[in-house]
1. Give the number of residues within the range 664-680 that are modelled with pLDDT of 75 or more and assigned to a loop (DSSP other than H, G, I, E, B).
2. Kindly provide the set of residues from the range 627-642 that are under 17 Å from Phe671 (Cβ atoms) and either in contact with a Cys (Cβ under 6 Å, 6 or more places away or on another chain) or not aliphatic (A, V, I, L, M) (or both), ordered by number.
3. Inspect the range 536-555 for any residue being polar (S, T, N, Q), closer than 21 Å to Phe420 by Cβ and part of a helix (DSSP H, G or I) and give the result as yes or no.
4. If you check Thr665, Thr706, which single one turns out to be farther than 21 Å from Gln647 by Cβ, among the polar types (S, T, N, Q) and out of contact with any Lys or Arg (no Cβ under 6 Å at 6 or more places or on another chain)?
5. Could you tell me whether the range 87-98 includes any residue that is loosely packed, with under 14 Cβ neighbours inside 10 Å, among the hydroxyl-bearing types (Ser, Thr, Tyr) and outside any strand (DSSP E or B)?
6. Would you check if His683 is assigned to a helix (DSSP H, G or I) and under 22 Å from Ser702 (Cβ atoms)?
7. What is the residue count in the range 120-151 for residues that are assigned to a loop (DSSP other than H, G, I, E, B) and either under 21 Å from Glu78 (Cα atoms) or in contact (Cβ under 8 Å) with a residue 24 or more places away in the chain (or both)?
8. Please identify the pairs in which a residue from the range 374-401 that is small (Gly, Ala, Ser) has its Cβ atom under 7 Å from the Cβ atom of a residue that is surrounded by fewer than 21 Cβ atoms within 10 Å (Cβ to Cβ), counting only partners at least 6 apart or on another chain.
Amino acid sequence: MFGNTSNSQPMVGFGGSGALSHAYIHYPPLKCRYDGAIGLFYDDGNKLLISPTSDQVVSWKVSPFESDAVPTTDTIREGMVLSVRYSLDLKLIAVQRSNHEVQFWVRETGETFSQKSKSESDSILGFFWTDCAVCDIVFVKTSGLDLYAYMPELKSLDLVETKKMNVSWYIYTHESRLILLASGMQCKSFTGYQLSSAGVIRLPRFEMAMAKLEANSKPVLAAEDVHIVTVYGRIYCLQVDRVAMLLHSYRFYRDAVIQQGSLPIYSSKIAVSVVDNVLLIHQVDAKVIILYDIFADSRTPVSAPLPLLIRGSPSRTNAQSSETALTNATANLYGDDWKFLVPDLVCDVTNGFLWKIHLDLEAISASNSEVPSVLEFLQRRKLEAKKAKHLCLELARSVIMERRPLPMVFRAIDVLVKSFAYSLKTGSYMKGGKLEKTPVSGVPENSESGKSVKNESASGVESRTAQDSGFSTSDSEDNSSSIKKAKAKSHNISSSSGNTEDASTTGDQLVNQPLNVNISEQQESQVTSAAISPDELYSFVFASVEEEMIADASYLFAIIVEFIRSANLEKIRLAPNIYVLAVRLLARDERYAELGLFILNKIIEPSKEVALQLLETGRQNIQTRKLGLDMMRQLMLHHDYIVLLVQDGCYLEALRFARKNKVSTVRPSLFLEAAYASNDPQHLAAVLRFFRDFIPGFSTTSEHSTYLRALADMAPSITA
């Protein structure tokens, strides 16, 4: 349970138009206050916020988050409620009545049954439902884990397996399917299990680092100081060291738990959120948030610390009550009764509000002058991909317009090109409004973090979500014989090892294989990408700045060349408009010799559009026009080549080319009209003679008669 109401905190700046913030919660919240409620629980398996009374269970669906969500009510027997959660199929409700009993309700029929501890000295710390192949529900007790399968025909639980160990407290998130069991005098020794559809994977036992204030002191690690988070599909554990004022991070592998480093903290009380794969470290005492993007294992904050603010305005209906509620919520920011639900929810128990945390991408991008880093950050965003894409285009345009140093601009362009190439490989790039998906293997470096998770501890904070970790292999189990007695669904189980040594016997291929969440679950909500295609980069950046860069064409040309180089490295085919722009920029500075080299070395790819631009540019430089004509001929654009020769007055050359290459699409009238327009009777006579000689029956056509009379009128002394 979240805890009791406490006194509200002093007033904090409300998110008005002038307030600065990189993260915010939006008004209105989901109102979860219910008359007669005896607590609040979060079921991260089903994304439910639960507010039970003595004889009812009231729940709100929080994903997708809607402030006006309608609650669902189920009736239960009156009694104490220490914990409550629904089965993953929503057919059962489990309520912990005491430290020794959990009661179950079948929602459809109203039937009940109970499961009790066999020993009075053995307390139930909590429980959670799972989609593991071994069991349906897990009881966490002071003596270890009990794994049960639900038997619907008997309306009872069948004990599948017991894992014996001393447990002081535990944390679990359904998103990661990972449970950490704390033991020892300082509660810093941990045993971990991942319960997936493939079975039960036991992690090696490990200890967390804890600094000592004095030589003989032995600080005890509390459940609220340990957090399981999922970022970019990777599972991490974050541990607060209050003495050292550090936040240690650990990453889980099948045969090892490796500390990934530490982050400084500035508050004795820390809360953790994950929004769009960005790690938010709430410095509760200081009332600020520090953002980290650990995609590349960076320990550098994304931006400077800023407070969490409330944005949005009360509705005009019931304006007075809404204003009062908003004032109370603002006054209670980071109050003692604020409970953060990983990944991105926070519950204000005093006011009965549930908020969803959002990132302000625009504020984040504006607060960092290192443009390539900001672009990398924005390109990894999925929840607001359209906004991220727009910001990337604006940043790319602004660095060019501001004539930033070329190395910085080159790195920015390289970031965008590589991101687009990656999106093509992973199938996340939107084409024509449809998401192209391809299978992703290994760790999804750019995938969206799933949306569930709440730390669950002995104090009763609940959790639940919906899919498995997707592992097909795990270690052999000492008591595998008991697993074989489970119901039919457990036939494909590979369960966990009983000790660390056994955990390493699964083969070299599993060494250092990371534990990750189910990729398919995370990709369900990935509906778009912030990746920018070359066409978009041309249209919204290069073409839009061309006219404004007339006086500095060489600067823009250098950027275009770098763009072409990056695209070639990533094997991305560019549209002709990029090369046409390159030709225009070189011609604008009259760099015809360089243009010739770029064409001959095929740095500028040949195309009809480029050839036409060369011909246009060739009005000022005859050699460039020749390059355009040569490109036309090389591209087998015979019709266009002949038309251009005729326009240049090279009638006979055009005719010979047409005859040699058997071009039948060119009409004789094209040549005859051009020759007549030249007002040169010799040219017209030559053209008529050519067609008479090489086109059978031409002398009997109306065209021959018409132009023969025209020739006679032009020069009576010349006969065809």
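1. Residues meeting the conditions: 4.
2. His638, His639, Asp640, Tyr641
3. Yes, that holds for at least one residue.
4. Going through Thr665, Thr706 in turn, the sole match is Thr706.
5. no
6. Answer is yes for this residue.
7. Residues meeting the conditions: 10.
8. Short answer, once both residue conditions are applied: Ala385/Thr528.
The values are calculated or read from the model by the stated rules, or taken from the named source; none is laboratory data. Just so it is clear, the structure is predicted and the values come from calculations on it, not from any experiment. Backbone-built Cβ (ideal geometry, glycine too); neighbour counts: all protein chains shown.
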